[in-house]
Amino acid sequence: MLSGMTRRAITLLPEILRNQIAAGEVVERPASVLKELVENSLDAGATRIDVTLEGGGVARLVVQDDGSGIPPGELALAVTRHATSKLSSVADLFSVTSFGFRGEALPSIASVSHLTLTSRVREETEAARIDVDCGTVLAQGPAALASGTRVEMRRLFASTPARLKFLRTEATEAKRCQEALTRMALARPDVAFSLVLGGREIFRLPGGQTLAARLAQFWPPAVLEGLVEFRREHGELKAHGLAGRPSHAQNRAERMLFYVNGRPVQDRLLQRAARDAYKGRILSGEYPQVLLFLTLPPEEVDVNVHPAKLEVRFRDEGQVFALVRLALAPAAEGDVLSEQGAAYNSAGSFSGSPVALGSAQSVGTAWTPPSYQTSHQATGQATGQAGPPAAPHSPSLGDKPGLLRAWQSFNSPESAREVPLPLAPPGPGSFGADSLGADQVPGHMPEPPGESAPGSSPVTPGSEPRALSQGGLEYLGQIADTYLVLRQGSHHGESKLVLVDQHAAHERVILENMRRARTSGDSQPLALPLELALHPAEAMRAQELWAELRSCGFLLQMSGAARLLVRGVPPSLPAGKAAEFLRDALADRTGGLTELWTLLSCKSAIKAGQPLAQDEALSLLEVWLTTPERDFCPHGRPVAVAFGAGDLERLFKRK
């Protein structure tokens, strides 16, 4: 007991206080109210659910469905704590098949707001309603409603105004409500959903959609194009869904969605399994797109471990982890049915051949979005860039993301490969736009990784080592048209072998220059503006990034609600690359100004597999040595590695 406190007698709390304490576990914000009400509608067998929000869901939130309804005599029980139609015994608690089961949602909402519940059972001639204000029943009687149930909540947290200060802005709360409804809509593409926010219809989804068609309403085409369908089964344990290729990974985990028996969950085990499937193929700060549905017997999962039912506990976590990891392997490999995956299917412990979800495709085949395909292709034509052709099959690159991305870049159209190499920090020996252009290597086309051009060698024949101006370094040559080889130290004393990744080094040089002038807003006007057709999600993202894109040098103008005109681009960025850069930004594969510039530096830098003349390599190295934070590229990868005598002796097992 705290010092100075006098002991109070133990008493039973008043019912209204008990309800408000319990409501704190269930009703955290408007989005949690929306989730509970939509789950009730789905449990009632609804085929149509309409949601209306005002004031971010705090002022007013309405959920109406066409479900089975509630009889008039049970309305009072519906707003009474621990009264439910979904459980009748302890055994039922361990085999839950419904979304709700505790009988807490409606009474918790009613205890902290003004709630009106109107419902009509199909067999009844009229509907009935009950009004509850902060836990107190105000009125009950007949009402008008065609069918189903309508729940209207007003003045959330009216009885506990102190909790209002913990909510975010109206726009943020509305966005969280929209995200919660989106997750539910993806779980049930057979059900029709609509959302009206502040009098404006945000979306209206028809029932009976496929998962692919439903997802196309929420994710932009640039994300959808990288998705792969998957399915894996082991006994009664099944996993299916859509997953993105490693090359389409993004900086946030918001597109990693998991469902267990149709219930949206935020489960760390499933997220770890998904990240493990992509391990070594994406960077530590990247996240794949995953839409995963896990189905297993109800008795194998405990859903009663979290107040909001967002977390679950599996009886056999190891089996679930293994199944999810293997299910995502085809997408993570980046190949079409890689040889490794096929070998495991025939010899592994999981029986059955993978089957693509909802189609006759094989697992691992690229999935084409059903809606927006034509408009997206037209966009590529408008910007002067055709969509990249499918990369040739190369199983040997499946577990090497850097080489895989380089290989894909070499199989892109030539116009997409020719990137000027600008933006060196000013000063002596600056590394300018003319230094390392692809056109500076006459008559030589880069070869795919793993293949050498005829007659190529680490050091150009007849060339001598060239000393750099600092660091005691000598340039020896280039290996694999990707790594610059240097020697550090004297010929007779202690020396080191240093390898520099030319792409990573150039990325760091470009980013540093951008940091010095990135907010200047300098722009290169275009004689003919680029036209980009936008998905609704991309249009919304464009508004959020408008000021940042302007500071980067983009001159933008909206032409209608779904078309973006690009009238100017940053001086260092070709028009074709500007369109590609904007597509990545609007598809939310970047986040914030720093990430935008990081992506731009990556796209502008020389690529792996591009041969450099000796003077070009020296120019890059001189500038890189004067660049801050030169040891790592903007993504966090090392730019250089060094091998001392001891390291080489260990490699050759001399000690």
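The values are calculated or read from the model by the stated rules, or taken from the named source; none is laboratory data. Everything numeric here is computed off the predicted structure, so don't read it as measured data. Virtual Cβ from ideal backbone geometry, glycine too; neighbours counted across all protein chains shown.
For the reader, a short list of remarks on this structure follows.
- Exclusive hit being within 30 Å of the chain's Cα centre (by Cα) and at pLDDT 90 or above, set Ala527, Ala504: Ala504
- Candidate set from the stretch 97-136 (those that are over 17 Å from Gly69 (Cα atoms) and polar (S, T, N, Q)); member that is nearest to the chain's Cα centre (by Cα): Thr97
- Candidate set from the stretch 233-255 (those that are closer than 17 Å to Ala185 by Cβ and outside any strand (DSSP E or B)); member that is modelled with the highest pLDDT: Arg255
- Summed over the stretch 226-260, residues that are among the acidic types (Asp, Glu) and within 19 Å of Thr210 (Cα to Cα) total 1.
- One residue alone among Phe166, Phe193, Phe157 is within 30 Å of Glu15 (Cβ to Cβ), in contact with a helix residue (DSSP H, G or I) (Cβ under 7 Å, 6 or more places away or on another chain) and aromatic (Phe, Trp, Tyr), and that residue is Phe157.
- Taken together, Ala105, Ala180 contain a single residue that is in contact with a helix residue (DSSP H, G or I) (Cβ under 7 Å, 6 or more places away or on another chain), crowded, with 22+ Cβ neighbours inside 10 Å, within 27 Å of Asn261 (Cβ to Cβ) and at pLDDT below 90, which is Ala105.
- Here Glu299 clears all of (1) in a helix (DSSP H, G or I); (2) under 30 Å from Ala587 (Cβ atoms) except the condition numbered (2).
- Taken together, Leu564, Leu620 contain a single residue that is assigned to a helix (DSSP H, G or I) and crowded, with 20+ Cβ neighbours inside 10 Å, which is Leu620.
- Residue check for Val639: hydrophobic (A, V, I, L, M, F, W, C) and closer than 28 Å to Asp501 by Cβ: yes
- Ser68 vs. criteria part of a loop (DSSP other than H, G, I, E, B), in contact with a Lys or Arg (Cβ under 6 Å, 6 or more places away or on another chain) and either not basic (Lys, Arg) or not assigned by TED's automatic domain parsing to the domain that holds Phe203 (or both): no
- Test: Thr627 is more than 28 Å from the chain's Cα centre (by Cα), under 19 Å from Ile510 (Cα atoms), in the same structural domain as Gln478 (by TED's automatic domain parsing) and among the β-branched types (Val, Ile, Thr): yes
- No other residue among Phe203, Phe230, Phe218, Phe258 is in the same structural domain as Gly67 (by TED's automatic domain parsing) and either touching a residue at least 40 places away in the same chain (Cβ under 8 Å) or part of a strand (DSSP E or B) (or both) apart from Phe203.
- The single residue among Arg183, Arg275 that is in the same structural domain as Leu310 (by TED's automatic domain parsing) and part of a helix (DSSP H, G or I) turns out to be Arg275.
- If you go through the stretch 522-543 and keep only what is surrounded by fewer than 15 Cβ atoms within 10 Å (Cβ to Cβ) and closer than 13 Å to Leu582 by Cα, you end up with just Gln543.
- Meets criteria (of a type outside the set (Asp, Glu), in contact (Cβ under 8 Å) with a residue 12 or more places away in the chain and in contact with a Gly (Cβ under 6 Å, 6 or more places away or on another chain)) for Ala146: no
- Which numbered condition Ala277 misses (of (1) at pLDDT below 95; (2) under 16 Å from Gln319 (Cβ atoms); (3) over 16 Å from the mean Cα position of the chain (by Cα)): (3)
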